[in-house]
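Here the structure comes first, spelled out in structure tokens, and everything after it is commentary.
The values are calculated or read from the model by the stated rules, or taken from the named source; none is laboratory data. Quantities reported herein were computed from a predicted structural model and do not represent experimental measurements. For neighbour counting, all protein chains shown are included, and Cβ atoms are generated from backbone atoms with ideal geometry for every residue, glycine included.
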Amino acid sequence: MKELVKKANEVANALVSTDFVRVISHKDADGITSAATLCTALKREKIPFHATIVSRPSTELAGKLNEEENETIIFFDMGSGQPDVIKEIDKKVLVVDHHPPEYKDGVSHLHLNPHHHGVDGASEVSAAGLSYLIAREINNKNKDLSCIALAGAIGDRQHLPLIGVNSELVNDGVEVGAIEIEEGLRLYGETTKALQTSTDPYFKNLRNIENIEQLLNRLDIPIEKDINELTKKHKTKLIKTLSLMLLKQGATAKTITSMVGEIYRINRGPVKYATELTSLINACTRKEKYGMALSIALNDKKHVTDAQEYEKEFNQKILDELYSVEEKINEYRCVNTIDVETKSIKGAVASIAVNCLIPEKPLLSLYKGTDEIKISARGNEDLIKKGLNLSKAMSVSADIVGGRGGGHNIASGASIPIDSLNIFLDKINEILCDQLGDTNE
Ligand SMILES: [Mn+2]
């Protein structure tokens, strides 16, 4: 950890000694909060910056950056896996990424990646946490920015539980009063709504508001109260009932235990809880409103209502899809697949289903476009323990059919040519059987 902070300090020094910083970050909650954390720190130092949110570093992007008059460019949440593109940029490039790196030194001016310092980038720190370390090295007063970075760690699902740098940044936030830790259900808002719209976890039998009201009445719990404002007695009763419900519908043990735990109230930012901030940013990115997402992460309240509207809309699509997921499943020996109608929800649906409904096998969610099939693959902790590595399975299987794929062991993506689905599925099924130790033919 010490070494990682030392490297963050080098990046901080490189930034404060320049008069303009060009920030390029990834288009997800982690990338956007990374940019917001650093940009806030730069603003406080009166260092001008320009931030752009992109999907991945490309030759086209490199060309554009070379034409600009920036001296210093910082990449967040990307770059460790794209040395070729980084090399094309003839400026001072700083790469800050937590994905497994394909190089160490010699490609960019500075390369901050936890994997080089014995820190796990999949569980202990995301790009936002790295951005936070840099911000804190720029000025110790930036500890309050931990609440933005926390939303990034949550976005990359590194909060169950928070460990390593992530837990350190929360401690910093608590120390300066930017974050308050509460114990409770990891849901927010009015109890009935919170249960009806919950996707993390997803309650199969709480689709109708009548069912929920009946349940609450039976438990003698007031329906109009906020879920986190319930008395301890009511919360305990509710948690017991909900846990049983999840168990019955097939949810993993981790899903059930994760429903309860630390929740993080943030005292900086346009919403009350860190999870809410993550969720609003995600809602914007799915609509490709990256500027809006960034402005929310930068503590601008202007777009919150719109973002909440997107969130609601998106949530409904997921709930509709989940409702029929069990009927739509195609079963292979070591993998399940489903077809989804909306591209933007395929990852979310797969991830919820494999944790809350059908946990026995990894789940691939397929979106069939005109010439490509986009695939999101999701697993759960139990499958990881058995040896699941979706990143490898997806990249190898996609390669074979002339597509491309990769990601993390628990969550991965691929795109493949439209006519290659059967070959792809045969291959990935075979690889997954191998990984999961299913040796029977
Ligand atoms: Mn990330």
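General remarks:
- Members of the stretch 103-115 that are more than 16 Å from the ligand (Cβ to nearest atom) and in a loop (DSSP other than H, G, I, E, B): 103, 104, 105, 106, 107, 108, 109
- Within the stretch 235-277, tally of residues that are without any contact (Cβ under 8 Å) to a residue 40 or more places away in the chain and charged (D, E, K, R): 3
Here's the yes/no breakdown for (1) touching a helix residue (DSSP H, G or I) at 6+ places or on another chain (Cβ under 9 Å); (2) within 16 Å of the ligand (Cβ to nearest atom); (3) assigned to a loop (DSSP other than H, G, I, E, B); (4) farther than 29 Å from residue 167 by Cα:
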{"residue": "5", "(1), (2), (3), (4)": "yes, no, no, no"}
{"residue": "11", "(1), (2), (3), (4)": "yes, no, no, no"}
{"residue": "24", "(1), (2), (3), (4)": "yes, yes, no, no"}
{"residue": "30", "(1), (2), (3), (4)": "yes, yes, no, no"}
{"residue": "38", "(1), (2), (3), (4)": "yes, yes, no, no"}
{"residue": "79", "(1), (2), (3), (4)": "yes, yes, yes, no"}
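- Tabulated pairs, the stretch 90-105, first closer than 15 Å to residue 408 by Cβ and in contact (Cβ under 8 Å) with a residue 12 or more places away in the chain, second within 13 Å of the ligand (Cβ to nearest atom) and of a type in the set (Phe, Trp, Tyr), C-beta under 8 angstrom, 6+ apart or interchain: 97/75; 97/76
- Matching entry among 341, 430, 441, 381 (being of a type in the set (D, E, K, R) and either crowded, with 18+ Cβ neighbours inside 10 Å or at pLDDT 95 or above (or both)): 430
- Scope the stretch 354-379; condition among the hydrophobic types (A, V, I, L, M, F, W, C), over 19 Å from residue 398 (Cβ atoms) and either part of a strand (DSSP E or B) or touching a residue at least 40 places away in the same chain (Cβ under 8 Å) (or both); matching residues: 356, 357, 358
- From the options 71, 45, residue that is over 23 Å from residue 129 (Cβ atoms) and either away from the ligand (no atom under 16 Å from the Cβ) or over 25 Å from the mean Cα position of the chain (by Cα) (or both): 71
- The stretch 388-439 - residue that is under 22 Å from the mean Cα position of the chain (by Cα) and assigned to a loop (DSSP other than H, G, I, E, B) and, of those, nearest to residue 98 (Cα to Cα): 408
- Listed by first and then second residue, the pairs linking a residue in the stretch 26-39 that is under 14 Å from residue 157 (Cβ atoms) to a residue that is more than 13 Å from the ligand (Cβ to nearest atom), with Cβ atoms under 7 Å apart and 6 or more places separating them unless they lie on different chains, are 33/148; 33/297.
- Filtering the stretch 119-162 to residues that are more than 11 Å from the ligand (Cβ to nearest atom), surrounded by fewer than 22 Cβ atoms within 10 Å (Cβ to Cβ) and under 18 Å from residue 28 (Cα atoms) leaves only 123.
- Residue 47 satisfies every condition listed in (1) modelled with pLDDT under 95; (2) over 30 Å from residue 287 (Cα atoms) except (1).
- Taken together, 36, 51 contain a single residue that is farther than 22 Å from residue 117 by Cα, small (Gly, Ala, Ser) and surrounded by 24 or more Cβ atoms within 10 Å (Cβ to Cβ), which is 36.
- Of the residues making up the stretch 190-219, those that are in contact with a Lys or Arg (Cβ under 8 Å, 6 or more places away or on another chain) and without any contact (Cβ under 8 Å) to a residue 60 or more places away in the chain are 190, 191, 196, 219.
- Test: residue in the stretch 359-369 that is touching a Leu at 6+ places or on another chain (Cβ under 9 Å), under 30 Å from residue 257 (Cβ atoms) and surrounded by fewer than 21 Cβ atoms within 10 Å (Cβ to Cβ): yes
- Residue 281 vs. criteria in contact with a Gly (Cβ under 9 Å, 6 or more places away or on another chain), hydrophobic (A, V, I, L, M, F, W, C), in a helix (DSSP H, G or I) and not assigned by TED's automatic domain parsing to the domain that holds residue 32: yes
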